[in-house]
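Reviewing the structure listed below.
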Amino acid sequence: MQNLPNSHQALLRNQRLLTGRLALLGVGSSHLLRELSGKGLAMSEHLGVFNALERHDSWQACFGYDDTAPAQGQYDTVVVFLPKARAELDMRLALAHSLAADGAQLLLIGEKKEGIAGAVKQLKAVFPQAAKVDSARHCQVWCAEAVAPGPAFRVQDWLSWNRVECNEVAITVAGLPGIFSQGDLDKGTRVLLETLAEHPVRSDRVLDFACGAGIVGAWVQALHAAESIPVPAVDGVDVQSQAVICARQTYEYNNATGSIFASDGLASVDGHWPAIISNPPFHSGVKTDTSMTEQFLRDVRQHLQPGGELRLVANSFLPYEPLIKQFIGRVERLRDDGRFTVYRAFRD
């Protein structure tokens, strides 16, 4: 139990509140299920956690917001773990409301440092009867009783569309609450795109690792088309459900080509590419966490064709250059503005 997130430990402390069929939304660790006596649905938008949830036969695992597994209006207790993005909480509460049976109870659990105090306002906007029932493990537990069934949930209702432009090339990008840099072009990606305009990737097929909403792939293809140079197919991979949904929508809207799929790191990736591009994340919740990128750099060589190129942007303070040199080969800095660095390396 000591290895569980604080919010999961707070739930276990309040197991007396869990009655009937359970739905757990935003599970961060599959180990929670071993500690619970009830059964039901467990949802995570992180593929790695979802894969672990699937190994618990007595629970129904669900990957993100577009999974068709949940039976709406069938759950007596719905637990909502606070997402790191406050905008995502509204969407998660809407899903929770749709799952609730008549007279169900809904629990919201989150850490103080993650903003549970502010999140309570969002909770009470939907369930004004909610009241705090516990404070423990640096968390608060709120409960809304006698919940009436909510409207059906459709992830498409939460999609937004935004225009993104770089170097006079514009694309339209899909967004969902909780996705990285929703509705905007973050500085790191902009720097990466600028180097892709100055030093184009010369290959017919590219992999975009941690593709997010599909900006890089759709924009690169639009740039090459505008400059009348061969347009590569750009495959995209991401660990987050919302990212995969948005990338597919972005590709469809912009007539981009390439396969979009979910993978926890490169674990589910099969194939070799002449070029791999990435703007990898370095946060886990509110903490700096470079472990995913470090593992990616250890694994990426086996997916690069001999002589193939890796193009990666990262905050300049992150210690990636020695790893790139160790696991891939010669490396150069195409751009370094003190905040972001774009690395280019070729497999030996």
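Scanning region 337-348 for residues that are closer than 11 Å to F317 by Cα and either under 26 Å from the mean Cα position of the chain (by Cα) or among the acidic types (D, E) (or both) turns up R339, F340, T341. Looking only at residues in region 282-294 that are open to solvent by less than 60 Å² (accessible area, probe 1.4 Å) and of a type outside the set (S, T, Y), the one that is modelled with the highest pLDDT is E294. Under 30 Å from L297 (Cβ atoms) and open to solvent by 80 Å² or more (accessible area, probe 1.4 Å): which single residue out of R163, R154, R205, R137 fits that description? Sole residue among the options that is under 30 Å from L297 (Cβ atoms) and open to solvent by 80 Å² or more (accessible area, probe 1.4 Å): R205.
Quick check on A148: is it of a type in the set (A, V, I, L, M) and within 21 Å of G40 (Cα to Cα)? In short, yes. Within region 235-258, being in contact (Cβ under 8 Å) with a residue 40 or more places away in the chain and in contact with a helix residue (DSSP H, G or I) (Cβ under 6 Å, 6 or more places away or on another chain) holds for V239, T250, N254, A256, G258. Of the residues examined, D76 is one that is within 21 Å of L32 (Cα to Cα), crowded, with 16+ Cβ neighbours inside 10 Å and acidic (D, E).
Scanning region 6-31 for residues that are open to solvent by 50 Å² or more (accessible area, probe 1.4 Å) and at negative phi yields R13, Q15, R16, T19, R21, H31.
The sole residue among Q129, Q72 that is more than 30 Å from S263 (Cβ to Cβ) and part of a loop (DSSP other than H, G, I, E, B) is Q129. Note on region 43-66: residues that are among the acidic types (D, E) and touching a Pro at 6+ places or on another chain (Cβ under 9 Å) amount to 1. Of all residues assigned to region 37-48, at least one qualifies as being assigned to a helix (DSSP H, G or I), in contact (Cβ under 8 Å) with a residue 12 or more places away in the chain and among the hydrophobic types (A, V, I, L, M, F, W, C). When region 236-266 is filtered for residues that are assigned to a strand (DSSP E or B) and open to solvent by 10 Å² or more (accessible area, probe 1.4 Å), the ones remaining, listed by number, are D238, Q240, I260, F261, A262.
The values are calculated or read from the model by the stated rules, or taken from the named source; none is laboratory data. For clarity, every value in this text was computed on a predicted model and none was experimentally measured. Note: ideal-geometry Cβ built from the backbone for every residue, glycine included; neighbour counts use all protein chains shown. Accessible surface is based on the protein model in full, side chains and every heavy atom, while ligands, DNA and RNA are left aside. Shrake-Rupley method; radii C 1.70, N 1.55, O 1.52, S 1.80 Å.
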